[in-house]
1. Once the Cβ-Cβ distance between A:Cys138 and A:Lys20 is put in as r, and R0 is 35 Å, what FRET efficiency do you end up with, to the nearest 0.05?
2. With respect to the cross-link table entries A:Lys83/B:Lys143; A:Lys123/B:Lys91; A:Lys83/A:Lys155, which display a Cα-Cα separation exceeding 26 Å?
3. Dipole magnitude of chain B about its Cα centre, charges +1 at Lys/Arg Cβ and -1 at Asp/Glu Cβ only, in debye to the nearest 20?
4. Taking the Cα-to-Cβ direction at B:Asp54 and at B:Val71 and moving 7 Å from each Cα, how far apart do the two end points lie in nm?
5. Once the Cβ-Cβ distance between A:Ala96 and B:Asp28 is put in as r, and R0 is 56 Å, what FRET efficiency do you end up with, to the nearest 0.05?
6. Among B:Gly65, B:Ala106, B:Ile6, whose Cα projects farthest towards the positive end of the dipole of region B:3-155, with charges put on the beta-carbon of Lys, Arg (+1) and Asp, Glu (-1)?
7. Sum -39500 (n - 2.57) across every DSSP H segment of at least 4 residues in the protein assembly as shown, then divide by the residue count to get the 222 nm mean residue ellipticity, nearest 500.
8. How far is helix A:21-31 tilted off the main Cα axis of chain A, in degrees rounded to 10, range 0 to 90?
Amino acid sequence: MGLLNRLDDPYEGGGIVLGKIEELLNWGRSKSDWYLHFGLACCAIEFMAMNASHFDFMRFGTIPRTSPRQADFIMVTGTVTFKMAERIKILYEQMAEPKYVISVGSCSNSGGPYWEHGYHVLKGVDRIIPVDVYIPGCPPRPEAFEEGMMKLQEKINKQAIFNKRKLLGTE
Amino acid sequence: MLPGEIFTKLKNDFGDAIIELNESPNSDPWILVGADQLFDIFHTLRDADEFQFDYLMSLSGTDLGENLGVVYHLYSMTHRHKLVVKVEVPKGNPVVPTVERLWRTADWHEREAYDLIGVRFEGHQNLIRILLPYDWEGHPLQKDYVTPDSYHGMKIS
Ligand code: SF4
């Protein structure tokens, strides 16, 4: 994919972008990811810092949605209790393909502090829905959120459109 | 008013229902009462002029091994005095009269104590679980609680 004109004057002569259709679509998809946010515990507080102007999560093209039908990915930030786990699964199933999941923090990665004695905590959200990116930490720093978001964009950029599991550039 | 004076006054009114006063230096002094006349005792504590405990600061359940206990922390905005009241009931039949009609805040506190410890508050208008899912079995903060293997097909440990 490339721009067929000079970068200092992009619209000279109309401006043409050449590329494969998959790459063009992925370019758009990865830069406008809307998310459904599950703020379940303390990690969500860190996510608030991430959303505020200092770190500005929206520059990745993300917009928080309140409906799973408008969301591209789920952000699970915090402790997933069994009561919540069932609701997460229902909402995940309501999302349209292609859909992604980012799991934030030790709790939603593996149960975290509740790993051994938490009678009410699901030991990792990947036990009920498939997770694309894990962000470690208790809670992760906003820089880790940024890294995780970039990893997700990287992943989307590589995907073939009609087959989510196939990578572009491989046979 | 000091807990000792409150104890003496209550003892005059209720006799054997007021079991003991514990003034150990390591904790706030507390009064142990019997479950039978609990509602009347608290009614007096809330409404009698010399007590006026208009604020229930906290209501918590405890597992004492043989018995289950409930601890009430009271405060009076008027007289600025505090009182800790405890009640104990056998684990086999843990029934305590509700004080939800005296202090509205007891509503959710009692539901929590029921949910996690298993004390049943007789007369409560809506005694259902508040934190755990409605179909959860057992009361997990009891000492002899055994964690089940799974919940709705999700493995617990
Ligand atoms: S991983 Fe740590 S910070 Fe995040 S929700 Fe769990 S306990 Fe809280």
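Only the coordinates and a few stated rules stand behind these numbers; no lab work does. The structure displayed is predicted, hence computed values, not measured ones. We place every Cβ from the backbone using ideal geometry, glycine too, and count neighbours over all the protein chains shown.
1. Here the calculated transfer efficiency is 0.25.
2. From A:Lys83/B:Lys143; A:Lys123/B:Lys91; A:Lys83/A:Lys155, over 26 Å: A:Lys123/B:Lys91; A:Lys83/A:Lys155.
3. Computed charge dipole of chain B: roughly 320 debye.
4. Between B:Asp54 and B:Val71, the label points sit 2.7 nm apart.
5. 0.45
6. It is B:Ala106.
7. It comes out at -8000 deg cm²/dmol, rounded to the nearest 500.
8. So the helix axis and the longest Cα principal axis differ by about 50 degrees.
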